[in-house]
Amino acid sequence: MEFERLKYLEYLRSRPFWIVFLFPIAAVVVFGVNSGSVGPMIQPDEGSYLANAAAIAGYSNDLASSYHAGYSLLLSPAFWAGWAPDQVWIVVKLINALLYGVSLFLFWLISLQIAPEAPRRTIFISVCLVGLYPMWVVMVGYAFAQIAFVPAYSLLVYLYLRAVKSSHVGISLLLGMVGGGLYWMHPTASPVIVALLIASLYWSVAARQPRFFVSVVLGLATTVLLYKVTFHPWLQERMTIGDLPARLHYPSIESLLSRFLTLEGFSKLVSVAGGHVFYLLVGTGGAVAFAASHLAEGILRSNSGIAIERVNRGFALLLLGSFVGVLCLSIIAMSSPSRLDHWIYGRYTEGVLAPLLLVAVLSPWRLRGSWVLIVAMGSALLLLTGLKGFG
């Protein structure tokens, strides 16, 4: 154990960590890019997150909702000084820009873990390519939870890699707490939590370390219960002044699944699924398909089968399970589209996309582009079957 620790410290000293100073610069640049955003654009979503933040900061209101408040907790300092709304919005964008910079730093740490022998230039270019993905740049100018979900999920992935290598109980406990922290931010954390439990259980059995799984479950359960039993009820009470009930906009699983019992509902589900896949393939240039194929190969084969050093089956289970789970949840949630963007909704899936893109850019692309093109064309046709009668 001591030898491994000294080896890792020697490895860290050999890395160009001066480059982390570029991440705050990138955050400043992205803040400037979003200077034209002068206020919330999507009032139901952004307004609810901001209302949560204001209530946490001490401003009671009558806007209780089912929006999770983890991101709002990060925004609450914007309301402490009692500034005017336009000044509050500037601070909100500053916080978002800071979250963007933290995301880049975590992309760097993940890259060092999954490709420790890669040249410095390769790591730097990979982080830049993934960091320039439009969703994270544009989201700085909005008050959406996904701008915080991205670094939180990236931290989860990094901690998993560190935990399985060090076998330290403290890291695995922190890993579970970060998984629960994702639930504080958005309900799409549910499939991520399931993937984390599966990956942790696999590693515990494979490495014969039951303490690993127990620590993850303990940290996860403690954090989720803290939100559901303590924090969320307190916030709901603080945001219920009159007799108006909370705006609970998340439908139940039963009501969502009941849509697919009719032929029309099932056809919409298939069409929305095609739209989601088409959007992701086009938006990432096929990178998400290449990454998914590497990870699936790593799960199915007896050895890792992944052309990235030290990426194990548990890591593949975590990334692929999280992505597929969130993708399916997004498809089901948008299966009765009322707006054009619901057909290709990417905001949920893009919260768990960064590590997949890092796997793609740091791996040899062995799949032929024609394979991805065929999938993209097929998903586009499925999308068109639904759009044909839309509106």
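The values are calculated or read from the model by the stated rules, or taken from the named source; none is laboratory data. Note that this is a predicted model, so its numbers are computed, not measured. As a convention, Cβ positions derive from the backbone with ideal geometry for all residues, glycine included, and neighbour counts pool all protein chains shown. Please note that ligands, DNA and RNA were not included when accessible areas were found on the heavy atoms of the full protein model with its side chains. Shrake-Rupley method; radii C 1.70, N 1.55, O 1.52, S 1.80 Å.
Which of the residues belonging to the stretch 34-83 are surrounded by 22 or more Cβ atoms within 10 Å (Cβ to Cβ), at pLDDT 90 or above and not in a helix (DSSP H, G or I)?
Across the stretch 34-83, the qualifying residues are Tyr67, His68, Ala69.
Can you name the condition, by its number, that Ala152 falls short on among (1) within 20 Å of the chain's Cα centre (by Cα); (2) farther than 30 Å from Gly39 by Cα?
Failed condition: (2).
Between a residue in the stretch 248-275 that is within 25 Å of Ser65 (Cβ to Cβ) and any residue that is open to solvent by 60 Å² or more (accessible area, probe 1.4 Å), which pairs come within a Cβ distance under 8 Å, given they are 6 or more apart or on different chains?
Pairs that qualify, where the first residue is within 25 Å of Ser65 (Cβ to Cβ) and the partner is open to solvent by 60 Å² or more (accessible area, probe 1.4 Å), are His249/Pro44; Arg259/Lys268; Arg259/Ser336.
Does any residue of the stretch 143-157 turn out to be open to solvent by 10 Å² or more (accessible area, probe 1.4 Å), aliphatic (A, V, I, L, M), within 30 Å of Ala69 (Cβ to Cβ) and modelled with pLDDT under 95?
No: zero hits.
(1) in contact (Cβ under 8 Å) with a residue 60 or more places away in the chain; (2) open to solvent by 10 Å² or more (accessible area, probe 1.4 Å); (3) over 15 Å from the mean Cα position of the chain (by Cα): which one isn't true of Tyr133, the others all being true?
Going through the list (1) in contact (Cβ under 8 Å) with a residue 60 or more places away in the chain; (2) open to solvent by 10 Å² or more (accessible area, probe 1.4 Å); (3) over 15 Å from the mean Cα position of the chain (by Cα), Tyr133 breaks only (3).
Checking Ser204 against (1) under 20 Å from Ala69 (Cβ atoms); (2) touching a Lys or Arg at 6+ places or on another chain (Cβ under 9 Å), only one condition comes out false. Which one?
Every condition holds for Ser204 apart from (1).
Please determine whether any residue of the stretch 84-94 is closer than 30 Å to Ser204 by Cβ, among the charged types (D, E, K, R) and surrounded by fewer than 21 Cβ atoms within 10 Å (Cβ to Cβ).
So far as the stretch 84-94 goes, no, none of its residues is closer than 30 Å to Ser204 by Cβ, among the charged types (D, E, K, R) and surrounded by fewer than 21 Cβ atoms within 10 Å (Cβ to Cβ).
Is there any pair linking a residue in the stretch 184-198 that is farther than 14 Å from Ala333 by Cα to one that is among the polar types (S, T, N, Q), with Cβ under 6 Å and at least six apart or on different chains, and which?
Pairs that qualify, where the first residue is farther than 14 Å from Ala333 by Cα and the partner is among the polar types (S, T, N, Q), are Val192/Ser322; Ala195/Ser322.
Can you find, within the stretch 305-319, the residue that is modelled with the lowest pLDDT among those that are in a loop (DSSP other than H, G, I, E, B) and surrounded by fewer than 24 Cβ atoms within 10 Å (Cβ to Cβ)?
Selected residue: Ala307.
Identify, please: which residue in the stretch 212-254 is modelled with pLDDT of 90 or more and of a type in the set (Gly, Ala, Ser) and is, among those, nearest to Asp45 (Cα to Cα)?
Ranking the qualifying residues of the stretch 212-254, first place goes to Ala221.
How many residues are in a loop (DSSP other than H, G, I, E, B), open to solvent by 80 Å² or more (accessible area, probe 1.4 Å) and not acidic (Asp, Glu) when one looks only at the stretch 214-252?
Of the residues in the stretch 214-252, 4 are in a loop (DSSP other than H, G, I, E, B), open to solvent by 80 Å² or more (accessible area, probe 1.4 Å) and not acidic (Asp, Glu).
One line per residue, one yes/no per condition, for (1) touching an Asp or Glu at 6+ places or on another chain (Cβ under 8 Å); (2) within 25 Å of Ala55 (Cα to Cα); (3) in contact (Cβ under 8 Å) with a residue 24 or more places away in the chain; (4) of a type in the set (Val, Ile, Thr):
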| residue | (1), (2), (3), (4) |
| --- | --- |
| Trp83 | no, yes, no, no |
| Trp89 | no, yes, yes, no |
| Leu99 | no, yes, yes, no |
| Leu104 | no, no, yes, no |
| Ile114 | yes, no, yes, yes |
